Amino acid sequence: MKKILSALIISLNAVLLSACSQGAFFAANLPQYFSDVTIKQNVAFGDKPIEKLDIYIPEKADDRAKPVVVFLHGGRWADGTKEDYRFVGLKMAKYGYITVIPDYSKYPDVKFPVFVEDSAKALAWTHDHISEYGGDTSKIYLLGHSSGAHIAGLVAANPEYLGAFEKDRNIIAGFAGLAGPYAFVPEEEDLKDMFGPPERYPEMRTNTFIDGKQPPMLLMHGNDDDLVSTQNAYKVQKAAAEKGGEVIVKTYDGYDHTDLMRDFTWIGSEKSPVIQDILTFLKK
């Protein structure tokens, strides 16, 4: 048994770097088979086949509406599915949050900003319908990792995305982002194709749209992250210092790009500073 557990943990530590390791995602998501969390799968939020979401509903302790987290997964805007990240839904449901995990269109099938538009549509659907599942529409939070954090940051900062669905940014009570490339410059050829031409680059940066009216933001980053620079978070914070609004940056020694997500899995410590900082932020 110890050998099996050790192998699962090694596999799990490798998962979060690539969306192609289905065995590792299976290891991360093992608790779903023993959980009391109710999961509503493949709920449509639009007409496209990809426009489906899963809803994780905690055990009902009372009749009060529960706070809601909408999680956008990473995968370099090209990989990953909502099913891969069941462990996030289970973890947040454990802490009393109804958790919504949508899929969204990905490159090369689409280019920027379609994946942001899909995600805004999922959030608008959540605001319209989550009360049917026991959710509190006054407490809807965005959470995202890596490219998912980048997408979530744009939905939170640029009013046009939610405005397309006749929604205001104030439906977002707060945004917590993990290792997001909020203000990067595309250098790889596929990213240039995804976000280009260069004159459009300002449109893909969260800091471009910070105007003092954006929801509160908690931007978390591992100090050992060699994939996404912490400067992305600090540029957003700098824009907020100039324009107004709350943008908190938290960094973590000994954490790299994927360790931030590891703490959402069953091998993560209950005392994880990442999880505790998120819970403190959301409750505030």
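Please find, among ALA93, ALA156, ALA152, ALA122, the residue that is more than 18 Å from ASN42 (Cα to Cα), assigned to a helix (DSSP H, G or I) and in contact with a Pro (Cβ under 6 Å, 6 or more places away or on another chain). The unique qualifying residue is ALA156. Each residue in region 243-269 was checked for being modelled with pLDDT under 95, surrounded by fewer than 20 Cβ atoms within 10 Å (Cβ to Cβ) and either assigned to a helix (DSSP H, G or I) or among the aromatic types (Phe, Trp, Tyr) (or both), and 1 of them qualify. Each residue in region 270-282 was checked for being in a helix (DSSP H, G or I) and either at pLDDT below 95 or among the aliphatic types (A, V, I, L, M) (or both), and 5 pass. Filtered by the rule that a residue be assigned to a loop (DSSP other than H, G, I, E, B), surrounded by 14 or more Cβ atoms within 10 Å (Cβ to Cβ) and among the charged types (D, E, K, R), region 193-242 gives ARG205, ASP211, LYS213, ASP225. If I filter region 48-65 down to residues being touching a residue at least 12 places away in the same chain (Cβ under 8 Å) and closer than 18 Å to SER119 by Cα, which single residue comes out as surrounded by the most Cβ atoms within 10 Å (Cβ to Cβ)? Ranking the candidates gives TYR56 first. The set of residues from region 159-182 being outside any helix (DSSP H, G or I) and either touching a Lys or Arg at 6+ places or on another chain (Cβ under 7 Å) or at pLDDT below 95 (or both) comprises PHE165, ALA173, TYR182.
Here is a yes/no grid of residues against (1) surrounded by 21 or more Cβ atoms within 10 Å (Cβ to Cβ); (2) within 23 Å of THR265 (Cα to Cα):
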site: GLY80; (1), (2): yes, yes
site: LEU90; (1), (2): yes, yes
site: TYR95; (1), (2): no, yes
site: GLU132; (1), (2): no, no
site: THR137; (1), (2): no, no
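Is at least one residue of region 270-284 crowded, with 16+ Cβ neighbours inside 10 Å, in contact with a helix residue (DSSP H, G or I) (Cβ under 7 Å, 6 or more places away or on another chain), free of Cβ contacts under 8 Å to residues at least 40 places away in the same chain and not β-branched (Val, Ile, Thr)? Looking through region 270-284, none of the residues is crowded, with 16+ Cβ neighbours inside 10 Å, in contact with a helix residue (DSSP H, G or I) (Cβ under 7 Å, 6 or more places away or on another chain), free of Cβ contacts under 8 Å to residues at least 40 places away in the same chain and not β-branched (Val, Ile, Thr).
Is it the case, given these coordinates, that VAL68 is of a type in the set (Val, Ile, Thr), in contact with a helix residue (DSSP H, G or I) (Cβ under 7 Å, 6 or more places away or on another chain) and in contact (Cβ under 8 Å) with a residue 12 or more places away in the chain? So VAL68 passes the test. Just checking, how many residues over region 125-149 are assigned to a helix (DSSP H, G or I) and charged (D, E, K, R)? Total satisfying the criteria: 2. Does TYR133 satisfy the criteria of being at pLDDT 95 or above and out of contact with any Gly (no Cβ under 7 Å at 6 or more places or on another chain)? Taking the combined requirement at face value, the residue satisfies it. For PRO215, the stated conditions hold: it is at pLDDT 95 or above, over 21 Å from TYR85 (Cβ atoms) and touching a Lys or Arg at 6+ places or on another chain (Cβ under 8 Å).
The values are calculated or read from the model by the stated rules, or taken from the named source; none is laboratory data. Note that the structure is a prediction, hence the values are computed from the model and not measured. Note that we place each Cβ from the backbone using ideal geometry, even for glycine, and neighbour counts take in every protein chain shown.
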